[in-house]
Amino acid sequence: MFYYLPLYIFDSFSLSNLLGCAIIVLIGYFIYKFNIYPLYLSPLCKIPGPPVKNFFYGNVRVFEDSELGERLVNWEKQYGSLFRIHGFLNRTFIVTTDPKVVQNIMTTHAYDYRKSRQLPQLTDTIGEGLLLAEGNVHHRQRKMMNPAFSFANTKEIVPIVVRISHQLKEIIMNQIGDKKEERITINSLISKATLDIIGLVGFNYELNSLTTKSELAEAYDEITNTNKSYWDVLIILLSGYFPFVRKIPITSNIRFMNAIKTVGKISENLVKERKNKIAKGELKGNDLLTLIIKLNEDLSKDEKMTDDEIKYQIMTFLAAGHHTTSQSLSWSLYFLSKHPEIQDRLREELVQAFPDPNFQTTFDEIEHLKYLDSVIKEILRFIPPVSLLSRISTKDEVVNGYFIPKGSMFGISINTIHHKSSTWGEDANEFNPSRWLDPEIKSKVTNYTYLPFNTGQRSCIGIKLAIAEFKIILAVLIRNFIFKEVEGHKITTVYGVVTRPVPDIDLFVSKIGV
Ligand code: HEM
């Protein structure tokens with residue numbers, strides 16, 4: 001009798017019925033997985049959080065959302081330092097600003113949390129370099145590369161940063177020419193300057209993107225494209241779940257993949273070129289790549305990085321090392337133009353320290369400028385370039401009384417932590433560099449209340465380089481120009497991989513003393 005069962009089924013169900021059933025089962029599975037389970041059945045539902053209003057987007061877009069920062073700050077006030085939000089397809093994020101939880105995730109048990117691969121375009125852009133490596137691989141790579149980012153090496157690269165900063169200054173001077181002032185789009189100029197700097201300090205490679213058309217600068221313009229359409233964002237979000245979506249041959253995907261190929265090709269050539277120099281005994285220089293290759297030479301076979309690993313580090317440094325710094329610099333000029341009194345005070349300090357507008361400086365000289373230091377600390381507090389860090393747990397755990405199953409996603413909201421009035425006072429939402437001169441506020445600053453570069457094992461390896469570069473470029477620009485707001489030019493803050501202004505920032509720029 002059982003022998004006849006399959007035929008019996010085919011008799012009574014036509015193929016279209018079967019297909020219909022399969023579609024219903026699939027839709028049922030989809031609704032269960034992306035709606036019923038995360039919103040009603042998951043143990044994470046016990047954690048408080050805002051109601052979900054959108055079937056697809058949950059309560060935040062998490063990526064490319066212009067209101068994310070403000071909403072997270074408000075939810076933290078309402079639900080406390082550990083709360084639940086839902087992103088695309090109702091993915092649950094446990095958002096935390098609790099210093100103890102942050103410490104546990106970032107320091108005490110850092111390797112028990114892995115990075116999210118929800119943004120495959122990030123993996124495509126930087127490869128499996130230090131930023132994305134996990135566990136022992138990360139530990140080995142980091143240990144090996146730390147010496148290349150030491151204070152001593154950072155001091156050595158200061159003259160390069162000064163040279164490019166003055167080159168940027170000259171370009172702006174020329175754009176202003178004899179005019180009283182000129183409206184200038186600052187982001188793209190600064191981004192080229194920081195790309196040129198990472199090219200030189202990273203690989204002793206003259207990208208010259210400030211002065212010539214650069215293939216690499218164009219590739220990054222494409223990758224970090226600021227004019228993303230609704231469909232571009234949807235493709236990015238969907239590719240987090242279904243990676244093949246990135247491979248569909250539509251214009252935005254093709255342009256993105258071509259840009260990625262350019263970055264990969266240039267990085268590969270840099271490794272080859274350096275290897276040739278080693279073969280000829282010509283390996284000289286104190287750029288990061290040379291230092292890393294030298295350090296690699298001395299390692300045992302098990303510890304050595306492969307050529308591909310070195311290529312991924314180049315891709316990582318290029319991406320991680322230029323966009324963050326350039327966006328922060330652009331935001332600085334924007335807020336300094338909104339607060340002319342702060343800009344004037346900073347300029348006063350700079351003119352006094354550097355009477356010559358074409359000044360050359362050392363690391364120590366620039367480090368001693370207190371107000372410049374306060375302005376930079378404040379911009380990194382007020383608008384941290386990396387506003388949200390995500391981590392996925394690899395073990396079941398109980399956090400603040402809630403059971404959190406392994407595989408859960410934590411979002412450490414740096415931006416929210418940086419706007420807590422309990423740390424920063426009632427004016428936490430104001431841009432006020434002077435707070436950094438207040439001993440009471442300074443006493444509340446710890447690795448877990450202020451973390452623009454993250455903290456612990458996965459903190460930014462380029463922090464010293466980033467701060468030196470940030471200070472020098474800002475010092476050269478503010479020492480030589482006055483930046484003024486363009487009335488009616490409205491800027492929105494968009495929280496992507498890096499927090500960026502949309503549209504690009506236009507400012508009126510005039511020369512000092514003209
Ligand atoms: C204002 C500038 C910068 C900011 C705000 C910044 C911020 C950050 C943050 C928050 C992280 C941690 C990411 C995570 O835990 O998921 C990070 C990691 C990293 N950053 Fe930066 N960064 C900046 C500049 C640079 C520069 C100039 C470099 C130069 C190469 C660099 C290279 C890296 C690398 C390689 C990592 C991965 C470190 C690891 O996982 O061990 N960053 N950065």
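Before moving on, here are some points about what is shown:
- Out of F410, F403, sole residue that is touching a helix residue (DSSP H, G or I) at 6+ places or on another chain (Cβ under 8 Å) and surrounded by fewer than 19 Cβ atoms within 10 Å (Cβ to Cβ): F403
- Among the residues making up region 96-122, those that are β-branched (V, I, T), outside any loop (DSSP other than H, G, I, E, B) and in contact with a Ser or Thr (Cβ under 7 Å, 6 or more places away or on another chain) are T96, V102, T107.
- Condition check for I198: under 30 Å from K261 (Cβ atoms), modelled with pLDDT of 90 or more and buried (at least 17 other Cβ atoms within 10 Å of the Cβ): yes
- Among the residues of region 144-158, not one is outside any helix (DSSP H, G or I) and surrounded by 20 or more Cβ atoms within 10 Å (Cβ to Cβ).
- Within region 62-109, the set of residues being surrounded by fewer than 19 Cβ atoms within 10 Å (Cβ to Cβ) and of a type in the set (A, V, I, L, M, F, W, C) comprises L89, V101.
- When the criteria are applied in full, S434 fails the requirement of being within 30 Å of P159 (Cα to Cα), surrounded by fewer than 18 Cβ atoms within 10 Å (Cβ to Cβ) and within 16 Å of the ligand (Cβ to nearest atom).
- All of (1) within 16 Å of the ligand (Cβ to nearest atom); (2) buried (at least 20 other Cβ atoms within 10 Å of the Cβ) hold for H419 with one exception: (1).
- Looking only at region 383-397, and only at residues there that are touching a residue at least 40 places away in the same chain (Cβ under 8 Å) and over 25 Å from T324 (Cβ atoms), the one that is farthest from the ligand (Cβ to nearest atom): K395
- The listed residue being assigned to a strand (DSSP E or B) and either within 19 Å of the chain's Cα centre (by Cα) or on the phi > 0 side of the Ramachandran plot (or both), out of P501, P452: P501
- Exactly one residue out of L380, L369 is buried (at least 18 other Cβ atoms within 10 Å of the Cβ), more than 25 Å from V498 (Cβ to Cβ) and in contact (Cβ under 8 Å) with a residue 12 or more places away in the chain, and it is L369.
- Count of region 45-103 residues, restricted to those that are of a type in the set (S, T, Y) and in contact with a Phe, Trp or Tyr (Cβ under 8 Å, 6 or more places away or on another chain), is 3.
- The single condition among (1) of a type outside the set (S, T, N, Q); (2) assigned to a helix (DSSP H, G or I); (3) closer than 22 Å to I198 by Cβ that P384 does not satisfy is (2).
- Residues of region 73-95 that are in contact (Cβ under 8 Å) with a residue 12 or more places away in the chain, closer than 23 Å to H418 by Cβ and either within 15 Å of the ligand (Cβ to nearest atom) or of a type outside the set (A, V, I, L, M, F, W, C) (or both): E76, Q78, Y79, G80, S81, R84, G87, F93.
- Residues that are away from the ligand (no atom under 13 Å from the Cβ) and not charged (D, E, K, R) within region 96-122 comprise T96, T97, P99, V101, Q103, N104, T108, H109, P120, Q121, listed in sequence order.
- Any hit, region 476-490, residues being under 28 Å from V73 (Cα atoms), among the aromatic types (F, W, Y) and touching a residue at least 40 places away in the same chain (Cβ under 8 Å): no
- Test: I461 is among the hydrophobic types (A, V, I, L, M, F, W, C), surrounded by 14 or more Cβ atoms within 10 Å (Cβ to Cβ) and either away from the ligand (no atom under 16 Å from the Cβ) or more than 30 Å from P503 (Cβ to Cβ) (or both): yes
- Residue match in region 419-428 (condition: part of a loop (DSSP other than H, G, I, E, B), of a type outside the set (V, I, T) and touching a Pro at 6+ places or on another chain (Cβ under 9 Å)): no
- Taken residue by residue, region 398-407 has no member that is within 12 Å of the ligand (Cβ to nearest atom), outside any helix (DSSP H, G or I) and among the basic types (K, R).
- Residue match in region 178-189 (condition: within 15 Å of A320 (Cα to Cα) and within 16 Å of the ligand (Cβ to nearest atom)): no
- Hits in region 424-447 - residues which are touching a Ser or Thr at 6+ places or on another chain (Cβ under 7 Å) and within 18 Å of D98 (Cα to Cα): A428, K444, N447
- Restricting region 123-140 to residues that are outside any helix (DSSP H, G or I) and more than 10 Å from the ligand (Cβ to nearest atom), the residue that is surrounded by the most Cβ atoms within 10 Å (Cβ to Cβ) is G127.
- Where M144 falls short, out of the listed (1) more than 14 Å from E309 (Cα to Cα); (2) modelled with pLDDT under 90: (1)
- The selection criterion, being within 16 Å of the ligand (Cβ to nearest atom) and in contact (Cβ under 8 Å) with a residue 60 or more places away in the chain, does not hold for S337.
The values are calculated or read from the model by the stated rules, or taken from the named source; none is laboratory data. Bear in mind the structure is a predicted one, so any value in this text is a computation, not a measurement. A quick note on method: Cβ atoms are made from the backbone with ideal geometry, for glycine too, and the neighbour counts reach across all protein chains shown.
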